[in-house]
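Some notes on the structure that comes next.
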Amino acid sequence: MERGVYFDGWYRNSWNIHPTLPPRRLQMLEDLEEMGATALVWAGLGGGVISLPYLEDEAFGEIPERFRTYGYVNDSEFIAHCREAGIDLFAIVFQMQAWGVPAEIVEGQVKALVERRGTAPVSEIGLTAFANDDGPANWKPFAHYFPKGLTNSAGERVTDLQREVASHGLDGEPYHTIWVEAPLEGMSSYLADRNNPVWREYLKAIIRLQIDAGAPGVQLDEANSSHLAFGWGGCFCRDCCLVFRAWLLAQPAEKVPAEVAGVDLTTFDYRAWLLARGHRQGENPRTFPLYEQYWWAIMANLHVTSRELSDYARVYAASQGKRVRLGSNFFNCDAYYDAFIDDVDMIVTETAYTLPYQPWFYRHCVGFARGKDVIAVEGPYSGEVERLNNQLKVGKAYDLFRISIFEANAMGANMALPYGSWLGTGAKDAYWAPRDLAVETGQFIKAVAPYTTNVSPHRTAVLFTARSQLLTYARSHPGEHGDFFPGLPGDEINNQMINPFTPYWLTLEALSRAGKTYDVITLPEESVRPGGPTAADLSRYSTVVLPVGFGVSATQHAELVKYLDDGGRLVLVGEYATDLPDEVRAEVSNHPGTTFVAAPAPDASAAELAGLAGLVNDVVDVDLGGTGAASVHALAGGEVAIHLLNVDYRAETDGVTPKRDVRVTVRLDRAFSSAKLIVPGAAPQPLGLTVTPDGAQSFTVDSLGVYAIIHLMDCPR
């Protein structure tokens, strides 16, 4: 599995200035090697969304002799050194950011950029200046990269490139990527729209330069481009309206909405149609006619445009005699990313709300990734990371940091080690862990790599119904960045930034807190990803849990019936398959193998959640007191490793309180002859195995600190 580093490298006591990253030094490589890194994410070559010449300078620019004294290198040189060290740097493509930045230019030479010096009047350079050859003297002309220029879908030659590629409201004004605009005067980033073919052509040019610079990996950030605009009410640009027109034209006659019955859909323009009916920007868009259908049309096109870029990157790399790996930021691993997991080699997920304890999130991500490696990075939105960063500065919260890294590994994913990583635009700082702590945790993750996989022998599966979540979003959720228009009554829960599909997450949390082990399996939205798990796929699980599966399709229902008829056990949590006829739905809901429980409310008590968890038994039985989690990793040759996490952190002692005499019982299809305990900072120790009266095997961990791995094997090693 990959061992990631969140390699922004931003400075202490300085704003995180998107999209470009600080210049790289050879000392950084030494740090990365000591931290055990194999992959760097958000790691370089991001300046293409300022201009392609800016990106070229990041990649190949001359480094002044004075800077060479201190080991500074350009990005292509740094990439080459990383390759020699066995580390893959993933160049970052900011798919939603279209920039203009302030500059002071004297006789064509940049004397100040972003941070001003007062050397000359301030001008703006960025995408539009580049498209009009109005940038610094050292910038190559636009025609060098696009000999025929760029022409939009209306056949117009593009000059105002920044505005052209932006997402626009109903009033025609562009949205801003407010989460990356640092509070520095003159910075302007528009929310770029991947539905616009001009922007896709520009992104392809960025990818070409990154591959030419030797990047072994390309990371497509902001993978929900075109859809995030719904947080502001939706994008109503020409190209999004064209996507909706095509979607309507593709619908069978009986599914064409009544609102457009008799309308010539071959010329239909949703924005003009809404304006003609008196709708205006600033209204709650969920009151607009056809809005839910519009949401679905834009969502359904996400994987189409993403696949176009992924395919292009691989084809271009091959044309240059190279191979490139692709990663993509799937943020909170929401349902609309499911359709294009197959288009990437690695899942990079930006944990929306990074909390001190969330192992269930990583179990979700591992299942969602369908066998691909997951590298997670922290998100700044909850404020927890900034607080942790401030504590680490004064030598505190080391165990909290260890938990933040170890819990992902325990659950079969990877939490990237921070290296000057993002704290958001609200903090004039970057996230750095003390070097010795980062090396210590990184080296332990490296040391236990033989006992870490994303494959399990678990006998419980939790089903994640993509359509249920998508319907919830389409009907009530304003978007990840909150309401920018009046809310509707009853939206208090769904207007949270955290995934609104609360009963699903509460179910996972209940299982994890109870020490239960489980897998997550996605039931896809079939209109964008046909197929999904069959009864045969589910047959290895003795229990399947389905939280709030109201979006289960007829095909998925039929497979669940087969699973039940073959002796499986289903725990239904909340509504089920509400679009199916009652008599069909009853084949599952009334089946003798089905147990029904009410969906937990957001304020569910600990006792309620414990009752839900009590319906599940798996291959491991362990009581971690609600402040821990367990997962079992399948290893080569049929051996297993049981990962135990203890998050009982006490502020008064600034450390995790060890759990004493932790009894672990294992029920697998085979018995093991020996076990060893692996913990940070100590040599592996043998553990005695005993056989319980019912034939299971058990052992006791005398003292469980933050993290322990028990390797069960057939002979002592």
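For the range 103-126, the criterion of being open to solvent by 30 Å² or more (accessible area, probe 1.4 Å), of a type in the set (Val, Ile, Thr) and in a loop (DSSP other than H, G, I, E, B) is met by at least one residue.
Okay, residues lined up against (1) over 26 Å from residue 644 (Cα atoms); (2) hydrophobic (A, V, I, L, M, F, W, C); (3) part of a helix (DSSP H, G or I):
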residue: 306; (1), (2), (3): yes, no, yes
residue: 312; (1), (2), (3): yes, no, yes
residue: 341; (1), (2), (3): yes, yes, yes
residue: 371; (1), (2), (3): no, no, no
residue: 403; (1), (2), (3): no, yes, yes
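From the list 188, 225, the one residue that fits, being crowded, with 24+ Cβ neighbours inside 10 Å, of a type outside the set (A, V, I, L, M) and either under 24 Å from residue 155 (Cβ atoms) or in contact (Cβ under 8 Å) with a residue 60 or more places away in the chain (or both), is 225.
Within the option set 627, 665, 653, being free of Cβ contacts under 8 Å to residues at least 40 places away in the same chain, among the polar types (S, T, N, Q) and either out of contact with any strand residue (DSSP E or B) (no Cβ under 9 Å at 6 or more places or on another chain) or surrounded by 13 or more Cβ atoms within 10 Å (Cβ to Cβ) (or both) holds for one residue only, 653. Selection of the range 669-704 for residues being open to solvent by 50 Å² or more (accessible area, probe 1.4 Å) and among the basic types (Lys, Arg) yields only 670. Within the range 132-174, can you find the residues that are free of Cβ contacts under 8 Å to residues at least 40 places away in the same chain, small (Gly, Ala, Ser), closer than 22 Å to residue 209 by Cα and assigned to a loop (DSSP other than H, G, I, E, B)? Correct list: 137, 149.
Mind checking which residues of the range 33-66 are among the β-branched types (Val, Ile, Thr) and either without any contact (Cβ under 8 Å) to a residue 24 or more places away in the chain or open to solvent by 10 Å² or more (accessible area, probe 1.4 Å) (or both)? Result: 38, 63. State which residue pairs qualify: first residue open to solvent by 20 Å² or more (accessible area, probe 1.4 Å) and inside the range 347-363, second residue of a type in the set (Asp, Glu) and in a loop (DSSP other than H, G, I, E, B) in any location, beta carbons under 8 Å apart, and separation of 6 or more residues or different chains. Every condition considered, no pair remains.
Would you please name the residue that is modelled with the lowest pLDDT, looking only at residues in the range 375-394 that are under 13 Å from residue 358 (Cβ atoms) and open to solvent by 20 Å² or more (accessible area, probe 1.4 Å)? I'd like the intermediate steps shown before the answer.
First, the residues of the range 375-394 that are under 13 Å from residue 358 (Cβ atoms): 376, 378-379, 382, 384-385.
Then drop every residue that is not open to solvent by 20 Å² or more (accessible area, probe 1.4 Å), which leaves 382, 384.
Working: 382: 79, 384: 90.
Only one residue tops the list, namely 382.
Run residue 134 past the list (1) out of contact with any strand residue (DSSP E or B) (no Cβ under 7 Å at 6 or more places or on another chain); (2) open to solvent by less than 40 Å² (accessible area, probe 1.4 Å) and report the number of the one that doesn't hold. Unmet condition: (2). Out of all the residues in the range 155-165, is one or more within 28 Å of residue 280 (Cα to Cα), acidic (Asp, Glu), open to solvent by 60 Å² or more (accessible area, probe 1.4 Å) and out of contact with any helix residue (DSSP H, G or I) (no Cβ under 7 Å at 6 or more places or on another chain)? For the range 155-165, residues within 28 Å of residue 280 (Cα to Cα), acidic (Asp, Glu), open to solvent by 60 Å² or more (accessible area, probe 1.4 Å) and out of contact with any helix residue (DSSP H, G or I) (no Cβ under 7 Å at 6 or more places or on another chain): present.
Among the residues of the range 597-624, those that are surrounded by 14 or more Cβ atoms within 10 Å (Cβ to Cβ) and farther than 27 Å from residue 642 by Cβ comprise 597, 599, 600, 604, 608. The number of residues in the range 504-556 being of a type in the set (S, T, N, Q), open to solvent by 40 Å² or more (accessible area, probe 1.4 Å) and assigned to a loop (DSSP other than H, G, I, E, B) comes to 4. Here the range 325-335 is the region considered, the condition is being open to solvent by 10 Å² or more (accessible area, probe 1.4 Å) and in contact with a helix residue (DSSP H, G or I) (Cβ under 9 Å, 6 or more places away or on another chain), and the residue that is farthest from residue 515 (Cα to Cα) is 331. Entry remark, the range 550-568: residues being of a type in the set (Asp, Glu) and either under 28 Å from the mean Cα position of the chain (by Cα) or closer than 21 Å to residue 617 by Cα (or both) number 2 in total.
The values are calculated or read from the model by the stated rules, or taken from the named source; none is laboratory data. Given the structure is predicted, the values throughout are model-derived calculations rather than measurements. When we count neighbours, we look across all protein chains shown, and the Cβ atoms used for this are built from the backbone with ideal geometry, even at glycine. What goes into the accessible areas is simple: the full protein's heavy atoms, side chains included, and nothing from ligands, DNA or RNA. Shrake-Rupley method; radii C 1.70, N 1.55, O 1.52, S 1.80 Å.
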